[in-house]
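> Can you keep this structure in mind? I'll have questions shortly.
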Amino acid sequence: MEVATRLKAARPDMPVLAYKCLSSTRSYEPGPFFTSGLSWREAENLGEHLFAHRADGTRIEWAGYSGHWQMAVWMKEYRERWIANVAAEFRDSVFDGVMADNDVFDDYYGLDLPFGDGCDLTGLRAALDELVTGAGRALNRIGKILVPNIAESRREPGRWQRHAAFGGGYEEVWLAWGPDQHLDTPDVLAQTECLHGPGLTVVRTASDGTDRHPNVLFGLAMFWIFGGGRPGTSYTATGHDQYNGVPHVPALCWDLGEPTGAPQRKGGVRHRAFTGGWAAAHIDRPGGRPVTLPVPAGLVTDTGAAAPATVRLAPRHGVLYRRARGGPGCRSGAER
């Protein structure tokens, strides 16, 4: 709370969100603040029926995440408690709203569905639809926003728009599952929908956590090419579960300005010109053929040297250059 207050004092215009998990409760949290809508103690006091169970009746602890327990999201009582608790917590809070994690689409945590009572993935998704909608409306009524971590929205037309309707959306697996696990090209193109709202958009590309990994510049170039610098969009690239990491390349500080036209294509490369620079990215899967294309005149690199006349891009690599004159101030995390 203290940090959020300091952030809002320094940047009143910057949305500051608090983390809440839609799907689990955490047995290791002593309180008084909790990352879940229902604390472990409250859930136990309310009754065993609010926990998800396997066919043998045992509770389900998430694989790889000790102390995270799957909740019965399909239970109306759970959803109502989650919404009431979160709305009450943030009614008079300095936070602008909630980043709601684990708006899941598939089984990422060894749940081994169906659950003991027969609920399957279809039922879990439907329950999360209801929870996101109910929580979003409740938070909006008190002047707050909901930004869910919308998993794999590309696999269900309309899901991003529905779940981002209450303040925005977060895609934590944008373009790649891991530093060397890239999404197929059609999925990459489908994910560009995220950059157009509604509300805030936060996209995170997987990398190895270093500044030098090619996914950092690839994702940043894609962020500009397909997002066009829309206000309210933010980009980062981090290692697995390293969401507090801050990898940095100079181009993250650049504001390329307004697009001067639509994205252009040469083979597997997409590129776009802006009033303050130019970006290009090769979207084909790794192992494909590199593409050489001309670079517009009058641009410079991150060192201030003249940009080359041509650039050769391998698949899943990107490049950005900026205008030689001026030089915008730094915007952390490619925030627009």
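> Can you check how the C-alpha radius of gyration of the chain compares to 2.2 N^0.38 Å, as a plain ratio? Don't skip to the answer; put the middle values down first.
On the way: Rg = 21.4 Å, N = 336, 2.2 N^0.38 = 20.1 Å.
Cα-based Rg divided by the globular estimate yields 1.07.
> Follow-up question, since we're still on this one. By how many nm would the segment from Thr303 to Glu130 lengthen if fully extended, with 0.36 nm per residue of separation less the alpha-carbon distance?
Details: separation 173, 0.36 × 173 = 62.28 nm, distance 4.99 nm.
Extra length available between Thr303 and Glu130 comes to 57.3 nm.
> With label points built 7 Å along Cα→Cβ from the Cα atoms of Asp107 and Glu258, find their separation and express it in nm.
5.1
> Given just the C-alpha atoms of segment 206-336, how large is their convex hull per residue in cubic angstrom? Provide the component values of the computation, followed by the final result.
Working: hull volume 13.2 nm³, N = 131.
That works out to 101 Å³ per residue.
> Highest GNM mean-square fluctuation, the chain, Cα pairs closer than 10 Å: which of Cys119, Cys21, Cys194?
Cys119
> Now for a separate question. Would you tell me the accessible area of Arg285, worked out with a 1.4 angstrom probe on the heavy atoms of the protein chains, in Å² to the nearest 10?
Solvent-accessible area, nearest 10 Å²: 100 Å².
> Pairing the Cα long axis of helix 214-227 with the longest principal axis of the chain, what angle in degrees results, from 0 to 90 and rounded to the nearest 10?
Relative to the chain, helix 214-227 is tipped by roughly 90 degrees.
> Pull out a ≥ b ≥ c, the square roots of the eigenvalues of the alpha-carbon gyration tensor of segment 235-295, then state rounded if a/c is under 1.5, prolate if not and a/b is larger than b/c, and oblate in the remaining case.
On the way: a/c = 2.70, a/b = 1.25, b/c = 2.15.
Taking the square roots of the gyration eigenvalues as a ≥ b ≥ c, segment 235-295 is oblate.
> Taking the Cβ-Cβ separation of Glu77 and Ala4 as r and a Förster radius of 35 Å, what is the calculated FRET efficiency to the nearest 0.05?
Values: r = 30 Å, r/R0 = 0.86.
For R0 = 35 Å, the calculated efficiency reads 0.70.
> Here's a follow-up. At a Förster radius of 22 Å, what calculated FRET efficiency corresponds to the Cβ-Cβ distance of Asn244 and Ser27, to the nearest 0.05?
On the way: r = 22 Å, r/R0 = 1.01.
About 0.50, to the nearest 0.05.
> Run the numbers on segment 161-257 and let me know its relative contact order in percent, using alpha-carbon pairs under 8 Å that are six or more apart.
Details: 159 pairs, mean separation 27.3, N = 97.
About 28 percent, as a whole number.
> Under 15 Å from a point 7 Å along the Cα-to-Cβ line of Ile142: which residues of segment 150-173 have their amide N that close?
It comes to no residues whatsoever.
> Dimensions of segment 61-196 along principal axes (Cα, Å, largest first)?
43, 39, 27
> How about Lys144: which lysines have a C-alpha closer than 17 Å to its C-alpha, ignoring those fewer than 8 places off in the same chain?
Qualifying lysines at Cα under 17 Å: Lys8, Lys20.
> Separate question: So if I restrict to the alpha-carbon atoms in segment 128-257, what is the Rg, and what is Dmax, the biggest pairwise distance, in Å?
Computed over the Cα atoms of segment 128-257, radius of gyration and Dmax are 14.7, 44 Å.
> A further question on this structure: Give me D for segment 6-137 in µm² s⁻¹, whole number, from Stokes-Einstein with Rh from the Kirkwood sum over alpha-carbon pairs, 10 °C and 1.306 mPa s.
Values: Rh = 15.5 Å.
So the translational diffusion coefficient is about 103 µm²/s.
The values are calculated or read from the model by the stated rules, or taken from the named source; none is laboratory data. What you see is a predicted model; the values in this text were computed from it and never measured. Note that we place each Cβ from the backbone using ideal geometry, even for glycine, and neighbour counts take in every protein chain shown. Ligands, DNA and RNA are stripped out before the accessible areas are found, and what is left, the full protein with its side chains, is counted by its heavy atoms. Shrake-Rupley method; radii C 1.70, N 1.55, O 1.52, S 1.80 Å.
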